[in-house]
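Below is one structure, written out as structure tokens; the observations come after it.
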Amino acid sequence: MSSLRAPIKSLGQNFLVDRNIIDKIIGCAQIRPDDALLEIGPGRGALTEQLAQRAARLVVVEYDHVLARALTEQYRGNPRVTVVDGDILAIDLAAVLGDLPGGWKVVANLPYNISSPVLFRLLEQRAHFSRLVLMLQKEVGERLVASAGCADYGVTTLLLGLWFDMRREFIVAPGCFHPRPKVDSVVVSFVPLPKPRVDVGSEEVFRRVVKGAFAMRRKTLFNCLKAAELAAPDELGRLLDVCGIDGQRRGETLSLEEFASLSRHLTGGREKA
Ligand code: SAM
């Protein structure tokens, strides 16, 4: 599909123009003829065309009405392809995917300006998916697969790492897109786990502990968690001792297991209260 209109920067429109990269993304998705696929932001359809040829079913969600209309025209008459003219952050995704729980694969070159909220949306809806293959800004992708102690390690590493096996597939240079983005990109694949990697007690408490621990990178864990008001300071000190975690450490030094232990103990404290 071609479109004469200039790409819209505010919609993160950096279209893939490198056939080799398109083929590599398709390879990572491990598509079988009976697969159902969701593509977020099909744009001018560079990936869409390849996806539509390989799967039993393809749903694409595009926010740009002009591009959505062009895709609707292009795939009119192809009953396997559905074009949704909408915002991936706002549509009722469960209703779109509802009739095939656990059966969907997601493939997307994401609009970078909304990649974090999209990741959290996909995390929420993880029960629908068997695999995700996402192109992200390199910096965002590096954070996902970072190890404890690295500067990149943080909230997304832990919250997504609890529910997904994530693998950095390959780096993509700016020249593979039109227009060229300012930064490198990376393709990351995600396989949802049947249950969380570790028991965290309440997931809401786990989210608050993790977000609290990274809210002020220069402060100690104890001060960060105190500011997050997860427990009274005395109780917080006691729980850190029980977990064998030094409150003077920084959040980025804690492993997922240590965060989980803290979360379980804080959950226990709340349940008793
Ligand atoms: N898949 C195409 C490709 O690889 O060439 C386009 C990728 S481009 C990086 C991102 C696409 O996402 C654009 O077509 C943009 O219009 C679309 N988009 C931006 N925000 C969106 C949203 N909230 N929901 C759905 N699509 C969105």
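The values are calculated or read from the model by the stated rules, or taken from the named source; none is laboratory data. The structure displayed is predicted, hence computed values, not measured ones. Methodologically, a virtual Cβ is constructed for each residue, glycine included, from the backbone with ideal geometry; neighbour enumeration extends over all protein chains shown. For accessibility, only protein heavy atoms count, side chains too; no ligands or nucleic acids. Shrake-Rupley method; radii C 1.70, N 1.55, O 1.52, S 1.80 Å.
Observations, loosely collected:
- For the stretch 63-74, taking the residues that are without any contact (Cβ under 8 Å) to a residue 24 or more places away in the chain and either under 20 Å from residue 22 (Cβ atoms) or not acidic (Asp, Glu) (or both), the one that is most open to solvent (accessible area, probe 1.4 Å) is identified as 69.
- Flag not set for residue 264, criterion: outside any helix (DSSP H, G or I) and under 20 Å from residue 158 (Cα atoms).
- Complete set of residues in the stretch 186-221 that are under 29 Å from residue 172 (Cβ atoms) and free of Cβ contacts under 8 Å to residues at least 24 places away in the same chain: none
- Cross-chain or 6+ apart pairs with Cβ under 8 Å, the stretch 122-147 first and in contact (Cβ under 8 Å) with a residue 60 or more places away in the chain and under 20 Å from residue 24 (Cα atoms), then open to solvent by 10 Å² or more (accessible area, probe 1.4 Å) and outside any strand (DSSP E or B): 130/102; 130/103; 131/30; 133/28
- Selected residue (only one of 90, 68 is under 25 Å from residue 13 (Cβ atoms) and touching an Asp or Glu at 6+ places or on another chain (Cβ under 7 Å)): 68
- Within the stretch 3-54, the residues that satisfy the criterion of being touching a Lys or Arg at 6+ places or on another chain (Cβ under 8 Å), closer than 18 Å to residue 81 by Cβ, away from the ligand (no atom under 12 Å from the Cβ) and not β-branched (Val, Ile, Thr) are 29, 33, 35, 36, 37, 52.
- Any hit, the stretch 79-88, residues being surrounded by fewer than 16 Cβ atoms within 10 Å (Cβ to Cβ) and without any contact (Cβ under 8 Å) to a residue 24 or more places away in the chain: yes
- Single residue of 199, 184 found to be within 26 Å of residue 266 (Cβ to Cβ) and in contact with a helix residue (DSSP H, G or I) (Cβ under 7 Å, 6 or more places away or on another chain): 199
- Condition met for residue 82 (assigned by TED's automatic domain parsing to the domain that holds residue 64, polar (S, T, N, Q) and touching a strand residue (DSSP E or B) at 6+ places or on another chain (Cβ under 9 Å)): yes
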